[in-house]
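> Below is one structure. I have some questions about it.
Throughout, read-outs are computed from the coordinates displayed, never taken from laboratory work. Keep in mind that this is a model prediction, so the values were computed, not measured. Every residue, glycine as well, gets a Cβ built from its backbone with ideal geometry; the counts of neighbours run over all protein chains shown.
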Amino acid sequence: MNTISLITDFGYKDNFVGVMKAVILKINPKVTIVDLCHEIEPQDVLGASFLLRGSFGYFPLGTVHLVVVDPGVGSKRKRLLVQTKDYFFIGPDNGVFWFALKDETILKIIEITNERYFLKPVSDTFEGRDIFAPVAAYVSKGECVEKFGKITDSLMPLEFPELKKNNRYLIGEIIHIDNFGNLISNIDKNTFDNFTKDRRFKIVIEGVVINKISQGYFEGSSLRPLALFDSFGYLEVAIKNGSAQKLLKVEKGAKLKVIKT
Amino acid sequence: MNTISLITDFGYKDNFVGVMKAVILKINPKVTIVDLCHEIEPQDVLGASFLLRGSFGYFPLGTVHLVVVDPGVGSKRKRLLVQTKDYFFIGPDNGVFWFALKDETILKIIEITNERYFLKPVSDTFEGRDIFAPVAAYVSKGECVEKFGKITDSLMPLEFPELKKNNRYLIGEIIHIDNFGNLISNIDKNTFDNFTKDRRFKIVIEGVVINKISQGYFEGSSLRPLALFDSFGYLEVAIKNGSAQKLLKVEKGAKLKVIKT
Amino acid sequence: MNTISLITDFGYKDNFVGVMKAVILKINPKVTIVDLCHEIEPQDVLGASFLLRGSFGYFPLGTVHLVVVDPGVGSKRKRLLVQTKDYFFIGPDNGVFWFALKDETILKIIEITNERYFLKPVSDTFEGRDIFAPVAAYVSKGECVEKFGKITDSLMPLEFPELKKNNRYLIGEIIHIDNFGNLISNIDKNTFDNFTKDRRFKIVIEGVVINKISQGYFEGSSLRPLALFDSFGYLEVAIKNGSAQKLLKVEKGAKLKVIKT
């Protein structure tokens with residue numbers, strides 16, 4: 001009885017996700033598979049990494065987190081199996097784990113090379129099915145991580161949009177827009193609190209000014225955006241019962257400024 | 001071995017649903033989770049209620065039905081655990097259960113207040129993860145419903161589009177348009193039969209007139225709409241191998257009239 | 001412990017898929033259900049058949065593959081239960097199994113007629129719920145296939161786009177466009193290899209000429225399409241980190257020509 005979570009950019013119109021699950025169940029019929037997200041934008045490694053970071057800790061101990069967002073499929077990039085104190089992570093070495101795990105205690109990083117665990121022949125374009133899925137299934141059955149390849153010591157870093165900061169300004173950007181049209185930034189609560197301390201502030205996005213942090217969507221109106229920390233700890237701009245994306249006409253990458261007043 | 005069903009307006013591009021499943025599985029690793037629908041339109045309590053009403057009875061006895069369509073998240077609206085003869089229902093007290101359960105025998109209504117069962121800290125914006133999911137998991141493990149809070153006796157009512165009726169007319173409206181473009185009304189078969197009895201009738205929508213009830217889509221043509229009762233007992237207008245929504249250019253809320261002739 | 005796979009054109013906005021799963025779990029609570037695809041285009045029997053063909057062999061032996069893409073629902077078309085050496089297949093007799101199974105050893109074809117296994121009353125429009133789901137559940141529990149009806153010996157054939165071929169030309173067409181915008185043709189690797197042998201060739205689609213088969217997306221650039229065999233063995237045209245569909249403005253049905261040079 002173990003769990004595998006899946007993050008991919010495969011969407012729902014093909015058989016890609018279902019076939020990966022088939023491969024997993026053929027090896028470990030007792031595993032529980034949870035879809036974390038299959039609508040990562042194609043090749044959006046940063047989006048996958050951000051989503052993984054906010055999700056993995058909610059799962060049962062020992063869960064195998066499988067991430068197949070893989071612009072370099074078939075090329076020489078490494079395939080990794082990472083063991084932390086509580087979980088396993090499997091996927092291509094393209095930065096997706098670097099950001100997601102940067103506050104975690106990593107016990108071992110294995111470069112997956114043991115073809116004994118692969119589906120053969122390995123295709124040029126679908127290592128999710130032929131390599132990552134079967135490896136995840138064997139790990140979920142308790143196979144020792146060293147069996148899959150040799151220990152390595154590095155994760156490829158990921159270029160992550162940095163916050164800009166001086167005494168008066170803290171500038172982040174919108175890195176995700178959720179299903180409700182809420183605009184989620186890369187400014188986390190700790191950074192925000194350390195910056196504003198007891199000072200008054202305003203939050204500016206696309207010319208709209210917000211003067212306080214709300215405690216819930218219910219505080220707003222359907223016309224005035226509000227700012228609050230989302231359930232994963234990031235500053236977001238939202239509209240009560242509406243879409244901030246539509247009202248403000250904002251895209252990913254838009255700047256969000258916090259200014260001391 | 002128990003089942004939890006999920007209805008939300010979370011869609012598929014975020015990690016919301018997957019994280020709720022993670023929380024559930026951490027508490028009850030043996031539960032089976034079934035996605036009933038995650039594409040309820042944002043904040044559409046009526047749509048969720050209608051979908052729940054047509055679905056819950058197909059599940060195994062003892063299933064826990066979890067509904068998180070929650071425009072009032074973080075506000076003072078109650079959180080409910082409802083026990084009927086055959087099932088459990090968990091979600092916000094915003095009317096979603098009032099319509100869905102109005103023909104059911106309700107045994108107990110509990111206002112969920114016991115923080116012992118919550119994930120901490122409880123966020124302002126995601127009670128689905130922090131309150132409803134863990135409570136559903138514990139209920140699915142057999143925890144006694146009284147443990148989650150105090151007994152209450154009311155469900156918030158839901159404003160539901162009423163049928164209008166006189167001797168000659170029965171007027172309903174389109175309340176759902178399905179994946180095939182079929183137009184589903186709020187006129188159920190009993191009401192229709194009681195109204196028309198042995199009399200002849202015509203069904204009118206957007207100027208189009210239909211003179212009979214068909215026994216299946218195969219009776220129609222690709223140009224002429226037909227009327228029939230859908231598999232949940234509601235009057236619908238459809239096109240054989242096509243979309244009635246596209247042909248008739250109809251939106252939710254359009255009137256559907258049954259007229260005795 | 002058995003597996004049922006699902007292919008439908010039901011999409012995700014209704015309760016159709018969830019209710020079918022409920023019906024299955026009520027009969028066999030221990031089964032594992034895998035969504036292969038629910039975004040088959042409405043009534044696209046060919047698309048479902050193609051997807052099934054490329055998928056079923058990855059599943060554990062004994063898996064029950066349930067396909068509900070059923071333009072003739074409620075009409076006189078047969079309902080089938082097909083047993084091959086390794087799997088079971090259940091769905092309407094509309095051609096979906098003819099193409100998918102044409103290289104398989106079929107052991108038995110049963111016309112499903114035994115109402116004992118149906119949900120009652122059987123609706124006119126949702127045999128997926130009332131007939132196919134319960135039959136799949138009982139088959140997954142090990143019920144003998146003869147119990148569901150009488151042996152029959154034919155599968156309805158499916159009109160499948162044929163390849164055209166002479167000494168110089170091999171002409172196929174685009175039959176699927178995947179989530180990444182890759183253009184997948186009906187030319188399989190064997191046919192291609194037999195046609196080109198050691199000769200040089202060019203591949204032409206919408207005026208664009210490609211001179212070789214690549215070993216992976218990484219070989220391309222973001223402006224020049226490449227050709228390669230997809231992970232299921234079919235010739236596809238793709239763009240590195242982009243959508244060939246958008247760049248070439250190609251729709252399903254577009255011709256793909258292989259020309260000896």
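> Sorted from largest to smallest, which semi-axis lengths in Å does the alpha carbon gyration tensor of the range C:126-261 give for its equivalent ellipsoid, taking the root of 5 times each eigenvalue?
Working: eigenvalues 296, 75, 37 Å².
The three semi-axes for the range C:126-261 are 38, 19, 14 Å.
> Tell me, what HN-Hα J-couplings in whole Hz come from the Karplus equation 6.51 cos²θ - 1.76 cosθ + 1.60 at θ = phi - 60° for each residue of the range C:244-261, using x for Gly and Pro?
Using θ = phi - 60°, the values come out as 5, 4, 6, 5, 8, 6, 9, 10, 4, x, 4, 6, 10, 10, 10, 10, 6, 10 Hz.
> Using bins 10 angstrom wide from zero, how does P(r) for the range A:1-41 break down, in % of all Cα pairs?
Percent of Cα pairs in each bin: 29, 54, 17, 0.
> Could you please rank C:Lys26, B:Lys252, B:Lys30, placing first whichever residue has the fewest other Cβ atoms within 10 Å of its Cβ? Kindly include the intermediate steps, with their values, before the conclusion.
Details: C:Lys26 18, B:Lys252 15, B:Lys30 11.
Ordered from fewest to most neighbouring Cβ atoms within 10 Å, C:Lys26, B:Lys252, B:Lys30 come out as B:Lys30, B:Lys252, C:Lys26.
> Put a label point 7 Å from Cα along the Cβ direction on B:Leu107, then list its distances to the equivalent points in the other copies in nm, shortest first.
4.3, 4.3
> Can you list the copy-to-copy distances for A:Lys141, using a point 7 angstrom from Cα toward Cβ, in nanometres, shortest first?
With the label placed 7 Å along Cα→Cβ, A:Lys141 yields 2.9, 2.9 nm.
> In addition: Counting each DSSP H run of 4 or more residues in chain A as -39500 (n - 2.57), what helix-only mean residue ellipticity at 222 nm follows after dividing by all residues, to the nearest 500 deg cm²/dmol? Before the final figure, lay out each step's value.
On the way: 6 runs with 49 residues, N = 261.
Helices in chain A give a 222 nm mean residue ellipticity of -5000 deg cm²/dmol.
> Which value, in debye to the nearest 20, describes the size of the charge dipole of the protein assembly as shown about its Cα centre when Lys and Arg Cβ atoms bear +1, Asp and Glu Cβ atoms bear -1, and nothing else is charged?
Numbers: 105 positive and 93 negative charges, 122 e Å.
Using only the charged Cβ atoms, the result is roughly 580 debye.
> Would you mind calculating the gained length between A:Asn167 and A:Arg77 on full extension (0.36 nm times residue separation, minus the Cα-Cα distance), in nm to one decimal?
Details: separation 90, 0.36 × 90 = 32.40 nm, distance 4.11 nm.
Extra length available between A:Asn167 and A:Arg77 comes to 28.3 nm.
> Give or take rounding to whole Å, what are the principal axis extents of the alpha carbon atoms in the protein assembly as shown, in descending order?
78, 78, 48
> Only Lys, Arg, Asp and Glu count, each charged at its Cβ (+1, +1, -1, -1), so figure out the dipole size of chain A about its Cα centre, rounded to 20 debye.
On the way: 35 positive and 31 negative charges, 136 e Å.
About 660 debye.
> Quick one: which residues, 5 or more positions from C:Lys78 or on another chain, have an amide H under 5 Å from its amide H? H modelled 1.01 Å from N in the peptide plane, none for Pro or chain starts.
Counting only residues 5 or more places away or on other chains, the set is C:Asp93.
> Where in the range B:29-48 is the amide nitrogen less than 13 Å from a point lying 7 Å along the Cα-to-Cβ axis of B:Lys141?
Under 13 Å, as judged by backbone N against the label point of B:Lys141, lie B:29-31 of the range B:29-48.
> At what distance in nm do the modelled label points of C:Lys197 and A:Ile259 sit from each other, each positioned 7 Å from its Cα along Cα→Cβ?
Placing both labels 7 Å beyond Cα along the Cβ direction yields 7.6 nm.
> Residue by residue through B:30-42, how many Cβ atoms from other chains fall within 10 Å of the Cβ on average?
Values: counts 2, 1, 8, 2, 9, 7, 7, 7, 4, 5, 1, 1, 6.
So the per-residue partner count for this stretch is 5.
> Give me, ordered by chain and number, the residues 5 or more places off A:Thr3 or on other chains with an amide H under 5 Å from its own placed amide H.
It is A:Thr32, A:Val64, by chain and number.
> Taking 10 °C and 1.306 mPa s as the conditions, I'd like the Stokes-Einstein D for the range C:166-238 in µm²/s, using the Kirkwood hydrodynamic radius from alpha carbon pairs.
Values: Rh = 12.7 Å.
D, rounded to a whole number, is 125 µm²/s.
> Could you check the simple spin-label distance between C:Asn114 and B:Lys246, using points 7 Å along Cα→Cβ, in nm with one decimal?
In this crude spin-label approximation the distance works out to 4.1 nm.
> Show me, for the range C:62-74, the HN-Hα J-couplings you get by feeding each phi into the Karplus relation (A = 6.51, B = -1.76, C = 1.60, θ = phi - 60°), rounded to Hz, glycine and proline as x.
x, 4, 9, 9, 10, 10, 10, 10, 9, x, x, 3, x
> In chain A, with Lys and Arg counted as +1 and Asp and Glu as -1 at Cβ, which of these residues, A:Val139, A:Val209, A:Leu235, has the Cα nearest the positive end of the dipole, that is, farthest along it?
Value: A:Val209.
> Sorted by packing (mean other beta-carbon atoms within 10 Å per residue), highest first, where do C:213-222, A:46-55 land?
On the way: C:213-222: 16.7, A:46-55: 23.2.
Ranked from most to least packed, the peptides come out as A:46-55, C:213-222.
> If we hang a label 7 Å off Cα along the beta carbon direction at C:Ser221, how far is it from the matching labels on the other copies, in nm, shortest first?
Distances to the matching label points in the other copies: 5.5, 5.5 nm.
> Would you work out if the range B:3-152 is rounded, prolate or oblate? Take a ≥ b ≥ c from the square roots of the eigenvalues of the alpha-carbon gyration tensor; rounded if a/c is under 1.5, else prolate when a/b is larger than b/c, oblate otherwise. Could you put the intermediate results ahead of the total?
On the way: a/c = 1.16, a/b = 1.03, b/c = 1.13.
In terms of gyration-tensor shape, rounded.
> Based on the alpha-carbon gyration tensor of the range A:20-74 and its eigenvalue square roots a ≥ b ≥ c, which shape applies: rounded if a/c is under 1.5, prolate if not and a/b is larger than b/c, or oblate?
Details: a/c = 2.47, a/b = 1.30, b/c = 1.90.
It is oblate, given that a/c is not under 1.5 and a/b is not larger than b/c.
> Arranged from highest to lowest average of other beta-carbon atoms within 10 Å per residue, in what order do the peptides A:58-71, B:157-170 appear?
Working: A:58-71: 22.6, B:157-170: 13.1.
Ranking the peptides A:58-71, B:157-170 by packing returns A:58-71, B:157-170.
> Putting +1 on Lys and Arg Cβ atoms and -1 on Asp and Glu Cβ atoms, find which of A:Asn94, A:Gln83, A:Gln43 reaches farthest to the positive end of the dipole of the range A:1-108.
Towards the positive end, the residue furthest out is A:Gln83.
> State the residue of chain A whose Cβ is nearest the axis carrying A onto B, and the distance in whole angstrom.
Closest Cβ on chain A to the axis mapping it onto B, in Å: A:Tyr12, 4.
> Compute the distance from the alpha-carbon center of the range A:196-261 to that of the range B:204-243, in whole Å.
If you average the Cα positions of each part, the centres end up 47 Å apart.
> Let me ask something else about it. From the square roots a ≥ b ≥ c of the eigenvalues of the alpha-carbon gyration tensor of chain B, which class results: rounded (a/c under 1.5), prolate (a/b over b/c), or oblate?
Numbers: a/c = 2.43, a/b = 2.03, b/c = 1.20.
It comes out prolate by the Cα gyration axes.
> If you don't mind, there's one more thing I want to ask. Given A:Lys252/C:Lys249; B:Lys120/B:Lys252; B:Lys76/B:Lys120, which pairs have Cα atoms separated by over 28 Å? Provide the component values of the computation, followed by the final result.
Details: A:Lys252/C:Lys249 26 Å; B:Lys120/B:Lys252 40 Å; B:Lys76/B:Lys120 18 Å.
Check vs 28 Å cut-off fails for B:Lys120/B:Lys252.
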